[in-house]
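Engineer: Next up is a structure, given as structure tokens.
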Amino acid sequence: MGPEFFQTGMGQKFFNQQLPSLINALTRIADALEKPNSVSPVELSQQTKEMVYREVRAEYVAEDIAARAEERGINPDELDVDGLAERYVYDGDYDCNLSYWDNIDNLIDSVAR
């Protein structure tokens, strides 16, 4: 039977260099995780918050329009889905007295006729 791992050249390198290096790296990671986050959150203006909100909302509305069109047997590629989402989100092209899905249907109907 040959030498034990710790008796080999690779074993010596592992125990004398690699393992201590690994322990030091783990210690640095643990120390960093224990420190409070020194990065303060970014303060956004109300206008920037509104812009981000509308952009994200428009993406979801566009997904809903495409899905609803498919449910109705309309190819969403034939619609300007992003344009319809912009009409809904940015232009307020909806009726507050109708449900979200009825408004989506109305948008689709306005261009699918």
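The values are calculated or read from the model by the stated rules, or taken from the named source; none is laboratory data. All figures in this text were calculated on a predicted structure; none of them were measured in a lab. As a convention, Cβ positions derive from the backbone with ideal geometry for all residues, glycine included, and neighbour counts pool all protein chains shown.
Engineer: Just to be sure, is residue 93 over 24 Å from the mean Cα position of the chain (by Cα), modelled with pLDDT of 95 or more and over 21 Å from residue 50 (Cα atoms)?
Structural biologist: Values: over 24 Å from the mean Cα position of the chain (by Cα): yes; modelled with pLDDT of 95 or more: yes; over 21 Å from residue 50 (Cα atoms): no.
No.
Engineer: Sort out which residues of the range 90-101 are out of contact with any Phe, Trp or Tyr (no Cβ under 9 Å at 6 or more places or on another chain) and assigned to a helix (DSSP H, G or I), and write them in order of number.
Structural biologist: Answer for the range 90-101, where residues must be out of contact with any Phe, Trp or Tyr (no Cβ under 9 Å at 6 or more places or on another chain) and assigned to a helix (DSSP H, G or I): just 101.
Engineer: Hey, another quick one. Of (1) within 27 Å of the chain's Cα centre (by Cα); (2) assigned to a helix (DSSP H, G or I), residue 13 satisfies all except one. Which?
Structural biologist: Of the numbered conditions (1) within 27 Å of the chain's Cα centre (by Cα); (2) assigned to a helix (DSSP H, G or I), the odd one out for residue 13 is (1).
Engineer: Taking only the range 64-100 into account, find how many residues are in contact (Cβ under 8 Å) with a residue 24 or more places away in the chain and of a type in the set (A, V, I, L, M).
Structural biologist: Number of matching residues: 7.
Engineer: Looking at the range 32-50, is at least one residue surrounded by 11 or more Cβ atoms within 10 Å (Cβ to Cβ) and in a loop (DSSP other than H, G, I, E, B)?
Structural biologist: yes
Engineer: Give me a count of the residues in the range 51-79 that are surrounded by 10 or more Cβ atoms within 10 Å (Cβ to Cβ) and either outside any helix (DSSP H, G or I) or of a type in the set (Lys, Arg) (or both).
Structural biologist: Of the residues in that region, 7 qualify.
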